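So the structure is just underneath, and the comments pick up after that.
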């Protein structure tokens, strides 16, 4: 195929932006590590709730966010508000990483970003449906942060989840090239981060990375639903392992009267790591579930609405069974070794 034809190929166009995001993110993070600046920006010190044992820089957001924001503005300018809000959330989260902020300030910032997105780009649904959507988006921002605690996990989820968005936005009957491009840019940046984060991790994502990624997962998912690219269940299925783990763990802690926002080691992924599988094997298990869910979601898009929801329910049942298996494994581990 001639070069001129290649450059007009939609797939080639998408891959160029993804590779650019990967290379730029990896270059930034490599420079931060090489110069030692990574340690001065933010360092995660191990504690009794951590799964790691040595101090590690929390600078993944310094690579992912500026690259994703700049390239989205350049390649998919219709999504400028999502990119801008992600950048502002990254700045707020970096302050929190360095100095600590009250929970009301953090949650207020998350809510303001979501409210701005929905107010500027409202979907054609009743107000109460938009209010419910806003609550779900704020929860997605925070659950992504809760799930950032094991080598390779959050970065891999971003790679798979946003990659699934890109495929669906390209293949949909209401294809959205800007949405596909933006999604693949984030996936590419996540891949650049993952080069340094897979076990044994040299850097962590940090709040300045996990909060914007959670917001972008919700914002791009909302945009695709608003534009008719996919139904409302699709983004949830793309990130179902994350959503299921964080939501069930939160519910358990609330029922026990515990403070859900405090650090703990009760997530399913944490229990897999602690019960002997380790970081790498846990990440690969999560990748398998993520990939299977995304392929199932894309396959289900061709069905009538009723059958789509039957697929969603079936996959939810599979994840529930997986959670019960992890609980059983954990109880056996505790019975052999005692409480951790």
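Could you identify which residue out of 258, 266, 227 has the top mean-square fluctuation in a GNM of the chain using Cα springs shorter than 10 Å? Comparing 258, 266, 227 in the GNM, the peak value goes to 258. Build a GNM of the chain with springs between Cα atoms under 10 Å: which of 196, 12, 239 gets the top mean-square fluctuation? Highest fluctuation among the options: 12.
How high is the relative contact order of the chain? Use alpha-carbon pairs under 8 Å, at least six apart in sequence, and give a whole percent. In percent, rounded to a whole number, it is 22. GNM on the chain, alpha-carbon springs under 10 angstrom: the most fluctuating residue among 37, 159, 272 is 37.
For the stretch 49-137, the square roots a ≥ b ≥ c of the C-alpha gyration tensor eigenvalues yield an a/c of 1.5 or more together with a/b not exceeding b/c, which makes the shape oblate. In terms of the Cα gyration tensor, with a ≥ b ≥ c the square roots of its eigenvalues, is the stretch 256-316 rounded because a/c is under 1.5, prolate because a/b exceeds b/c, or oblate? Here the stretch 256-316 falls in the oblate category. So what's Rg/Rh here for the chain, counting alpha carbon atoms and using the Kirkwood radius for Rh? Using Cα coordinates only, the ratio equals 0.96.
Going from the residue with the fewest nearby Cβ atoms within 10 Å to the one with the most, 172, 150, 210 rank 172, 150, 210. Annotation: extensible slack from residue 128 through residue 306 equals 61.8 nm (criterion: 0.36 nm per residue apart, minus Cα-Cα distance).
For the stretch 117-271, the gyration tensor built on C-alpha atoms gives an oblate shape. Its axis ratio a/c (a ≥ b ≥ c) is at least 1.5, and a/b is not larger than b/c. Inter-label distance, residue 107 to residue 135: 1.3 nm, where each label sits 7 Å from its Cα along the C-beta direction.
Since every read-out is calculated from the coordinates, none of them should be taken as a lab result. Keep in mind that what you see is a predicted model, and the values were worked out from it rather than measured. Cβ sites come from the backbone with ideal geometry, for glycine too, and all protein chains shown count toward neighbours.
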